[in-house]
Every structure is written in structure tokens, then in C-alpha cells.
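The structure under discussion appears below in the form of C-alpha cells.
The values are calculated or read from the model by the stated rules, or taken from the named source; none is laboratory data. Note that the structure is predicted; figures quoted are calculated from it, not measured. Backbone-built Cβ (ideal geometry, glycine too); neighbour counts: all protein chains shown. Just so you know, the surface numbers come from the protein's heavy atoms only, side chains and all, with ligands and any DNA or RNA stripped out. Shrake-Rupley method; radii C 1.70, N 1.55, O 1.52, S 1.80 Å.
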Amino acid sequence: MFVDRVEIFVSSGKGGEGAVSFYREKFVINGGPDGGDGGKGGNVYFIVDRNTDTLSHFRGHKHFKAQNGKPGLGRNKYGKKGEDLVISVPPGTQVFDVESGKLLLDLLEESQKILFLEGGKGGLGNVHFKSATNQRPTYAQKGMPGVEKNIRLELKLIADVGLVGFPNVGKSTLVSVLSNAKPEIANYEFTTLIPSLGIVNVGDYQSFVIADIPGIIGGASEGKGLGLEFLRHIERTRFLLFVLDIANYRDINTQFDILQKELKNFSQELAMRPFGVIFSKLDALEEEEISKKIEEFLKEFNFSLQKVEDNHYLQASKNEYAMEFDTNSPQFVLGISSVVGRNLDILKKNLYESVKRNA
């Protein structure tokens with residue numbers, strides 16, 4: 001089961017008590033204090049583990065506590081330090097304080113290990129309280145308490161390209177033919193119920209990561225459908241790819257208009273992300289009808305792109321050296337067919353160049 005949000009309670013370990021002890025040995029009268037210090041409580045760490053891609057292992061397990069420090073002993077022996085607690089999470093996990101809503105950690109790098117809560121300090125043994133006026137102290141310090149915190153873990157997938165489109169427009173089929181991912185594919189809406197990532201190989205040493213999320217419908221930013229729950233998974237993407245079904249009962253202009261509005265309602269920053277547009281399912285229409293629909297689309301949204309070949313348009317850079325592009329316009333527009341493999345190599349090249357350009 002895919003789980004991308006969970007609340008848990010974490011606590012570092014309490015420090016061990018200091019010992020109250022006096023030296024005892026045959027023929028030694030009135031030995032002095034020799035109570036050792038308590039051990040420090042265990043710390044709480046987070047570590048990023050790429051071998052996990054969900055928070056599902058936290059289901060049914062809500063309380064996490066590091067070990068307490070052991071009490072001190074006689075003969076000036078320190079108590080043992082409490083065992084640390086290391087919590088493994090997938091890359092892209094964010095840690096929020098439940099009460100304040102503040103972002104505490106953003107865990108991205110593989111094998112990154114970060115101290116989250118420090119264990120309580122161990123108490124001092126009575127040996128520390130000996131003085132000229134008190135040769136036999138009969139008290140020691142208690143250990144300091146650990147730190148407790150209610151936190152919320154949220155997973156935001158890390159990808160270079162995020163797909164945006166209505167349900168059943170061919171996003172999952174596209175991901176399956178471009179990458180190594182194997183999402184569920186069927187001829188009905190909301191086939192994709194969880195996000196999925198795939199690695200797209202462009203050359204021997206060139207690749208990028210693509211993310212497929214459940215389809216977005218009108219009102220998704222207000223909680224309708226599945227889109228709102230998963231829109232945050234494309235917040236980290238460098239580049240957005242709008243997938244418009246050219247044979248859908250919704251015309252491509254309507255699809256694009258609604259998708260853009262939902263992105264803006266969800267996040268203004270996300271709506272300003274560089275993007276491209278593809279028209280899927282070219283195999284379902286005649287060439288003349290395809291060309292007409294694409295030309296009408298470009299005219300409707302006032303996109304000024306250069307035609308490279310049939311069903312393929314590119315935006316000219318405003319600055320040849322800095323490779324600056326108009327963020328309100330797609331960097332490319334392309335018609336494709338995942339079923340027959342039409343223009344998929346061109347799409348890979350355009351996506352890879354866009355990812356590099358917007359790194």
C-alpha cells in the first residue's frame with residue numbers, strides 16, 4: 001500500500017540517574033563518595049533510505065522512543081548510554097511539527113543522517129558533590145528528560161518531469177513505454193490511484209526521472225477526485241508535461257485551460273514551472289484533423305512557437321546564450337502516439353534538453 005502522509009510521536013531517551021555510593025573496602029574506614037554519572041539518553045535520527053519509496057511501514061506503529069540512559073554505579077562507573085533510534089524514510093520526506101505546522105526537516109539526499117532529537121543528559125553521581133563542608137553527600141542528580149514531539153511525515157516524490165493531465169488520457173501508457181516503470185493501465189478513468197516514478201534512458205549515460213500522478217479533474221484543487229491528494233508530488237519537479245488527449249470528448253483547449261487553473265489554485269509557484277505540451281493518441285485521428293486541432297490550440301492560447309515538422313513545434317529562446325524562454329508559453333508542443341511509438345524519440349530528446357536547461 002502506498003502511504004504518503006502519516007503522524008507519529010517520537011521521543012529521545014531520558015538520561016540515567018547519578019549513583020549515590022561510598023567506597024567500601026576491607027581495612028578502609030569511612031571511604032569517600034564514588035557514585036558514577038548516569039548515561040546519556042539515546043538520540044533520535046532520521047536517515048534517508050532509497051530502498052523504500054513509501055511511508056507504509058509507519059501504519060499501525062505510531063510511537064517511537066529512543067532508549068533511556070542507564071543509572072550510574074559505584075566505583076565511579078558511568079551508566080551506559082541509551083541506544084539511539086534511527087528512523088528510515090524515503091527520499092523526499094518532509095517532517096512537520098503537528099502543533100505549529102512548521103517544516104522541521106526536508107530529507108532529500110541518499111544516506112543522509114540527521115540528528116532530530118537529542119537524548120537527555122545523565123545525572124551527576126554523588127562524587128561531584130563532595131566538599132570541605134560535606135564529606136559524605138547522600139544525593140545525586142536525576143537524569144534530564146528526553147524531548148518529545150508529535151510530527152507529521154509527508155512524502156513528496158523527487159522527479160525531473162511531472163505529468164499533468166485528466167484521467168485516462170494516456171499518461172500511464174506513456175510512462176510504461178518511455179521508462180522502466182510498470183503502472184497499471186486500463187481503459188477507464190482513475191486507473192492510476194498512486195504516484196509512480198520511472199527512469200527514462202536517453203543515451204548510454206543520460207537519463208531523467210518522470211513522475212506519473214493520478215489524473216486531475218476540474219475542482220481538484222478544492223478536493224475533488226484524486227488530484228489534490230497527489231498534486232504535491234509534482235511540486236519538486238523541474239519541468240511539467242501537460243498530456244492532452246486529442247481524441248477525448250473534452251477538446252484539448254478545454255483540457256489545458258482547466259489543468260492550468262487547477263495548478264494555479266493549488267500553487268502559484270508550481271503554475272509558473274517551465275512546461276511542455278503533448279497531444280496523445282494521434283493514432284485515433286486523421287492527419288488533417290490533427291493539424292487543425294493543434295493550430296487552433298496554439299491560436300487559442302496565443303502560443304508563438306516555430307513549426308519544426310508536422311505536429312512538432314518549438315519555442316525560440318529569447319536569449320541564445322542564456323537559453324531564456326517565455327515561462328507563460330510551452331517550450332515545445334508535440335503530437336505523439338504511445339501505442340504505435342510515434343514521435344517518442346523526439347519527446348525523449350525534448351524532455352531531456354528541457355530538464356538540463358531548467359536544472
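One residue stands out among those in the range 333-359 that are small (G, A, S) and closer than 20 Å to N319 by Cα: the one that is least open to solvent (accessible area, probe 1.4 Å), which is S354.
For G16, the requirement of being part of a loop (DSSP other than H, G, I, E, B), touching a Leu at 6+ places or on another chain (Cβ under 7 Å), open to solvent by less than 30 Å² (accessible area, probe 1.4 Å) and not hydrophobic (A, V, I, L, M, F, W, C) is not met.
For residues that are crowded, with 19+ Cβ neighbours inside 10 Å and more than 28 Å from R59 (Cβ to Cβ), tally how many sit in the range 75-126. Residues meeting the conditions: 10. Elements of the type strands (runs of 3 or more DSSP E) sitting completely within the range 47-102 and holding at least 3 residues that are of a type in the set (A, V, I, L, M): these cover 85-89. Filtered by the rule that a residue be in contact with a strand residue (DSSP E or B) (Cβ under 6 Å, 6 or more places away or on another chain), in contact (Cβ under 8 Å) with a residue 24 or more places away in the chain and in a loop (DSSP other than H, G, I, E, B), the range 297-316 gives L305, N311. Do we find a residue being over 15 Å from the mean Cα position of the chain (by Cα), among the charged types (D, E, K, R) and closer than 18 Å to I8 by Cα anywhere in the range 38-58? Looking through the range 38-58, none of the residues is over 15 Å from the mean Cα position of the chain (by Cα), among the charged types (D, E, K, R) and closer than 18 Å to I8 by Cα.
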